[in-house]
1. Any idea how many residues of region A:26-76 are of a type in the set (D, E, K, R), farther than 26 Å from A:GLN262 by Cβ and in a loop (DSSP other than H, G, I, E, B)?
2. Identify all residues within region B:270-303 that are part of a helix (DSSP H, G or I), of a type outside the set (Gly, Ala, Ser) and loosely packed, with under 15 Cβ neighbours inside 10 Å; write none if there are none.
3. Consider region B:225-269. How many of its residues are assigned to a loop (DSSP other than H, G, I, E, B), out of contact with any helix residue (DSSP H, G or I) (no Cβ under 8 Å at 6 or more places or on another chain) and buried (at least 24 other Cβ atoms within 10 Å of the Cβ)?
4. Would you point out which residue out of B:PHE121, B:PHE126, B:PHE34 is over 30 Å from A:SER91 (Cα atoms) and modelled with pLDDT under 95?
5. Given the conditions (1) of a type in the set (A, V, I, L, M); (2) in contact (Cβ under 8 Å) with a residue 40 or more places away in the chain; (3) buried (at least 21 other Cβ atoms within 10 Å of the Cβ); (4) within 13 Å of B:PHE105 (Cα to Cα), report the number of the one that A:ALA128 does not fulfil.
6. What number goes with the only condition from (1) in contact with a helix residue (DSSP H, G or I) (Cβ under 7 Å, 6 or more places away or on another chain); (2) in a loop (DSSP other than H, G, I, E, B); (3) not hydrophobic (A, V, I, L, M, F, W, C) that A:THR125 does not pass?
7. Output the residues belonging to region A:140-153 that are small (Gly, Ala, Ser), assigned to a helix (DSSP H, G or I) and at the interface with chain B (Cβ under 10 Å from one of its Cβ atoms).
8. Taking region A:298-321 on its own, how many of its residues are in a helix (DSSP H, G or I) and within 24 Å of the chain's Cα centre (by Cα)?
Amino acid sequence: MGALSRADRVELLRAMLLMRAIEARALTLYRQGRVPGSFYDGFGQEAVSVGAAFAMGPRDRLCPLHRDLGAHLVRGVEPARILAQYMGRASGVTGGRDGNVHFGDPASGVMGMVSMLPDMMCVATGMAMAFKLRREQRVALTWFGDGATSRGDFHEAMNWAGVQRLPVVFVLENNQFAYSTPLAKQFVVDPVERARVYGFPGVTVDGNDVEAVFDAVRVARERALAGKGPTLVEAVTMRMHGHAAHDDMRYVPPELLAEWAQRDPIERQERRVAQLGVEVAELRAEVEAEVEAATAEALAAPMPDATDAAHGVFAEEEAEPLGDGRAPWSGFAAEPAEASA
Amino acid sequence: MPAMTYLEAISDALREEMRTDERVLVMGEDVGAFGGAFKVTDGFVEEFGEERVIDTPLAEAAIVGTAVGAAVVGMRPVCEMQFADFVACGFDQLINVAGKTHYRFGLAVPIVVRLPSGGGFSGGPFHSQNPEAWFMHAPGIKVLAPSTPEDAKGLLTAAIRDPNPVVFLEHKHLYRRVKGEVPEGTYETPMTARVAREGTDLTVIAYGAMVHAALEATDDLDAGVEVLDLRSLVPLDTEAILASVAKTSKVLIVDEANETCAAGAQVAALIAEHAFEQLDGPIRRVASPDVPIPFSPPLEQAVLPSVDRIRDACRDLLDY
């Protein structure tokens, strides 16, 4: 089991194209003054969130990072709601309460991130703890960056997940820089090697190859479902834009960027898909049209009602836990556990 | 009604909720086989098993963070910080993840974090703190601090059933020193203030262990002193506070916590803003000065609000 169908491979490309098109449009909107604050994108890293999210089932739960828009798209969050989110509109996923990719649509089985990194590693570990306790065939997945491996929450989550052998997949999105800080100032030993000392495997994949990311995470998920515990998947990639829209990243050597530009994850998947006889230009045009329509819809959406700013701090009702999300991989159709779940 | 200690009442609430709701689980350092540093969960692992009474690694950020994760997929975790002071290590998960999630995208985080708090037994600077004000200042977190066994059981039950993050301060000094009748079965105590003793000449506002100090300090005063037990700091029972001040026109606020920006400072601000014209004297406060709680008994007793300090402050106000 585990093969990607032709439709899956096209879907992987489509999700990456959609992520890039949305973020390119959002950058334009930012420069037009329509996106308040700053804007954070995942340009060049699309394969990491799309490939990993694609390997997760509908009842699995995800905690993406700020460069992982692709995960939200795979789970079915509509582009118009995402663009409205960036512009602080009422119809955005958080209704203007938070910005950029700081969201999670509970209905999609995704918990939104916080800026303190990698806090969500602990949260995903707790989700996995509940799945194991209830003997459910489910997995939690979270992404985090190279910089986040320096913080204590990385250690606490890795150790805890190892001790309790939890069904959790940790995806280390190694994009070479934490804001301006290069890897050499972050750690001496590659964090993927640390997995072993917490008692579980660490694997490194080409983070610019969406099918390789998918495959590594699929294997990690199957390992988790088999009760064998966590896996750390290091996806090596490159942040092709600044930390945020205000950052000109003069600290990145131009030759490094030029080198990584040759390894663009979207172009790579386009070549694959073209070999399958798919008309890539048509797919691009479809995605562009979708983003165009979504932008118009988001621009037409009202700003939030200012009198609502103090509402909703506390939940009034019995807690409604995260719902199931979309899981488009064709392989799930053949999985009895998923079908009956 | 059976008589129980404050500690037994807390155990009872936890046990009852674990029996009736399989989503409830207990997690923390040494809570399982050892039964908790104070034995609140003594016997739990035998009744509920290691999967629901989880001995965790020594990792407060992960205790709170994993509780959040378990909560958003349908569990009702009750975390124990071994001492309230240690919650500082889990502060970020509580403030930034648990407290802000519902406001940001409408996802409820039903967790309880139990904090054995307070001084009076030479615990020193790391085992004596009253950190409630940290959480009052952070939106999205309820803060409860019962003073009696009956309220400890009812408020912990309410906390576990509440769809929000709740910080539950249980005063270590009360664990075995306070005993009282506790209703059998399960019940919820409302997150409102309680008049511990009625009076018309002066209101003393307190919570936790200081309710008992206030009652003792004013027991033999030749005046009608009302003692208002806040029980809940978030939500804060503004109505009960203002009603009592309207009745007595004089108010003393007692915190065991360090004075600056303590819960009592918020209560004082509230009264100054909304009841200024009803006051017949200055709002007075008794609290711990802004120092770490020292270890040696004479030093610790010099810092913590004593019955004598409270009584003196009451006399001053009554004479005003």
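The values are calculated or read from the model by the stated rules, or taken from the named source; none is laboratory data. Since the model is a prediction, treat every value here as computed from it, not as a measurement. All Cβ positions, glycine included, derive from the backbone under ideal geometry; neighbour counts span all protein chains shown.
1. Counting residues in region A:26-76 that are of a type in the set (D, E, K, R), farther than 26 Å from A:GLN262 by Cβ and in a loop (DSSP other than H, G, I, E, B) gives 4.
2. B:GLU273, B:HIS274, B:PHE276, B:GLU277, B:PRO297, B:PRO298, B:LEU299, B:GLN301
3. Within region B:225-269, residues that are assigned to a loop (DSSP other than H, G, I, E, B), out of contact with any helix residue (DSSP H, G or I) (no Cβ under 8 Å at 6 or more places or on another chain) and buried (at least 24 other Cβ atoms within 10 Å of the Cβ) number 0.
4. Within the list B:PHE121, B:PHE126, B:PHE34, the selection yields B:PHE121.
5. With (1) of a type in the set (A, V, I, L, M); (2) in contact (Cβ under 8 Å) with a residue 40 or more places away in the chain; (3) buried (at least 21 other Cβ atoms within 10 Å of the Cβ); (4) within 13 Å of B:PHE105 (Cα to Cα) applied to A:ALA128, the lone miss is (4).
6. (2)
7. Selection gives A:GLY152 alone.
8. So the count comes out to 1.
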